[in-house]
Amino acid sequence: MSSGPTQVAGTPDTLFYVSNDTTHDLVSLLHADDIYPPFDEDDDDDGHLPKPLSFSLPSVESPKLPGGTEEQRSSNPTQITMAAKTYSRDEVAKNNHDESLWCIIDAKVYDLTDFLDAHPGGESVLRQVAGRDATTEFYNLHRQEVLTKYDKTLVIGTVAGEEPSVVVQQPGELSVVPYGEPLWLTPQFKSPYFSPSHRALQRAIREFTDTHVTPEALQAEESGDYISQELIERMSKAGVLHMRLGPGKHLHGVELLGGVVKGEEFDYFHDMIVSQELARTNCRGFQDGNMAGMTIGLTVVLNFANSEALKKKVSEEVFSGKKKLCLAITEAFAGSDVAGLRTTAEKTPDGKHYIVNGTKKWITNGVFCDYFVTGVKTDKGLSVLLIERGEGVNTKPIKTSYSPAAGTTYITFDNVKVPVENLLGQENKGIHVILSNFNHERWTMACATIRQCRTVVEESLKWSHQRLVFGKRLIDQPVIRQKLAKMIALTEANQSWLETITYQMCNMPYKEQAKHLGGPIGLLKMSATRAAHEIADESVQIWGGRGLTRTGMGRVVEMFNRTYKFDAILGGAEEVLGDLGVRQAMKFMPKSRL
């Protein structure tokens, strides 16, 4: 990268930070005002910019030009993009009519003559930039992935003597946008919580997610397709499925992402990293469709199966990706009020089976699952059964605000015969089984929500720097900066609280966690989803109509605004969790008086 910003037409002293990865666009504009203090003519009669402030960014390698012979380059459209031919700006300017329509975007020359009819925005838009540098106009209207899509077919060369000012970020790399990463991942900041193994895992899981998960997530979120068996098996081999359950003996001896961390050393900070990185797909329906049911259901089997043989069989089937499992507690009759469940399980006269009848609703992943960890009413209380898909078990999808890729389900159990060996925990004491994993479930949801909030902050920072309105960038408007300040503060505060609670989870015995952390985790989730509400509102105001459009520039913000409420409801509604936090505090309240 050159020592100073590269000047392009229409945007003096502007440095672009974008991504060549179509799966996670990182388009942004970082203007000179962000590096240099505002110029005041009274301070410098020579008209020179003041000395730059101390402002460091991670080093980025310049894009490598393709090699090979001329014939090899000619046969490779991607290589033609950078190496085929150079043109002067005057030459480009002559090609400004329908018979030969060229333009410049980031020092690359595009021949759009045959693209006129195909341009989704109409022909007139292209005619307006014919023969000109359209860099500013392009990034005011499009994400970088559009260029990536058409580079191979439309680029005919580069501008003589100029180099692209776009910094290409590869899969796995960190964002260079301020507040685009939590402080512990920002080079200028330190943290007492994270070890080299945490950082190694973060790099590995981000590259894995960017390369393998996000491409499928983007496609499936739109099409509604369920997660592919290929991706499930890939995650299984990499140990990602195992890591989703958090620390435990199930990780011992498992190779995690090529050995970046030992299963025996995996702690809740590793767990937090995995949860937050997988949330970066920005595909809320697919995020839940990506084995969320397993994450909250298989733990129950591992901890409460009364038969080692059953535990071994089911865990091996699910961890290998051969079978899928979900948690089936909620009904139309009862959500957070688990005592109100109506699905029944009655023992047969010989005592060898339960006969299950009832329904479950809004069950994540249920459409495509083979096992259902199910809350039922037994003779004297609640119990939990592992029910295998078979005769009498029927599932059908439920349409919700996010993608059908989540596999949200309505389940009916009609005289389903379940072996008594499939009882999880003790009969009539299932409430303890049901509540046992709530803390981890709510904590992982907080992890993901906070990461999604950060992504919206990053997108909005980039957009406000590149969007021109009334001749100014959005970021130049004080009202926009106030909105961004609020969004940043909420995100950073919740991330800090998350890390504090995670540290306690790493250093507190499991039984003590249930006693002391249930309330704080509930309050954290409530705080995170309340922040998501505020951030969704402010971000849509920044993005305007694009924040309401499912495709294009604002698709990430639109997705967030449409789906953030799932996290405010699933795993416990905000009001229920807030009340839980205060009631837990009441238990330890001393007789202290004002």
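The values are calculated or read from the model by the stated rules, or taken from the named source; none is laboratory data. No experiment lies behind these values; they were computed from the predicted model shown. In this analysis, Cβ positions are derived from the backbone assuming ideal geometry, glycine residues included, and neighbour counts consider all displayed protein chains.
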When you go through Glu137, Glu162 one by one, which is the residue that is among the charged types (D, E, K, R) and within 29 Å of the chain's Cα centre (by Cα)? Glu137
Just checking, does region 336-349 include any residue being under 30 Å from Asn282 (Cβ atoms), in contact (Cβ under 8 Å) with a residue 60 or more places away in the chain and not assigned by TED's automatic domain parsing to the domain that holds Phe566? yes
Just checking, does region 509-528 include any residue being among the aromatic types (Phe, Trp, Tyr), surrounded by 15 or more Cβ atoms within 10 Å (Cβ to Cβ) and part of a helix (DSSP H, G or I)? no
Which members of region 86-106 meet the condition of being surrounded by fewer than 15 Cβ atoms within 10 Å (Cβ to Cβ), within 43 Å of the chain's Cα centre (by Cα) and not in a strand (DSSP E or B)? Ser88, Asp98
Can you give me the number of residues within region 541-555 that are modelled with pLDDT of 95 or more and surrounded by 16 or more Cβ atoms within 10 Å (Cβ to Cβ)? 6
Tell me, please, whether a residue that is within 25 Å of Thr299 (Cβ to Cβ) and in a loop (DSSP other than H, G, I, E, B) can be found in region 232-244. yes
Residue that is farthest from Phe319 (Cα to Cα), among those in region 348-381 that are assigned to a strand (DSSP E or B) and among the hydroxyl-bearing types (Ser, Thr, Tyr): Thr378
Which ranges mark the helices (runs of 4 or more DSSP H) fully within region 134-216 that have 3 or more residues being touching a residue at least 60 places away in the same chain (Cβ under 8 Å), among the charged types (D, E, K, R) and more than 24 Å from Gly259 (Cβ to Cβ)? 144-154
Asp379 within 30 Å of Thr563 (Cβ to Cβ), acidic (Asp, Glu) and either in contact (Cβ under 8 Å) with a residue 60 or more places away in the chain or outside the structural domain of Gly285 (by TED's automatic domain parsing) (or both): no
Residue that is more than 27 Å from Leu548 (Cβ to Cβ) and in contact (Cβ under 8 Å) with a residue 60 or more places away in the chain, where the choices are Gln466, Gln495: Gln495
Hey, His465 hits all of (1) crowded, with 21+ Cβ neighbours inside 10 Å; (2) assigned to a helix (DSSP H, G or I); (3) under 22 Å from the mean Cα position of the chain (by Cα) but one; which does it fall short on? (3)
One residue is enough: does region 556-577 have a residue meeting the conditions of a type in the set (D, E, K, R), farther than 24 Å from Glu441 by Cβ and surrounded by 15 or more Cβ atoms within 10 Å (Cβ to Cβ)? yes
If we scan region 113-128, do we find a residue that is in contact with a strand residue (DSSP E or B) (Cβ under 7 Å, 6 or more places away or on another chain), among the β-branched types (Val, Ile, Thr) and not in a helix (DSSP H, G or I)? no
Would you confirm whether any residue within region 453-461 is more than 22 Å from the chain's Cα centre (by Cα), touching a residue at least 60 places away in the same chain (Cβ under 8 Å) and closer than 18 Å to Leu577 by Cβ? no
Kindly provide the set of residues from region 171-201 that are out of contact with any Asp or Glu (no Cβ under 7 Å at 6 or more places or on another chain) and of a type in the set (S, T, N, Q), ordered by number. Thr186, Gln188, Ser191, Ser195
Condition broken by Glu265, with the remaining ones in (1) within 21 Å of the chain's Cα centre (by Cα); (2) surrounded by fewer than 18 Cβ atoms within 10 Å (Cβ to Cβ); (3) touching a residue at least 60 places away in the same chain (Cβ under 8 Å) satisfied: (1)
Quick one: count up the residues across region 185-204 that are surrounded by 14 or more Cβ atoms within 10 Å (Cβ to Cβ), more than 18 Å from the chain's Cα centre (by Cα) and among the hydrophobic types (A, V, I, L, M, F, W, C). 2
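Keeping to region 532-573, report how many residues are part of a helix (DSSP H, G or I), among the β-branched types (Val, Ile, Thr) and under 18 Å from the mean Cα position of the chain (by Cα).
Residues meeting the conditions: 4.
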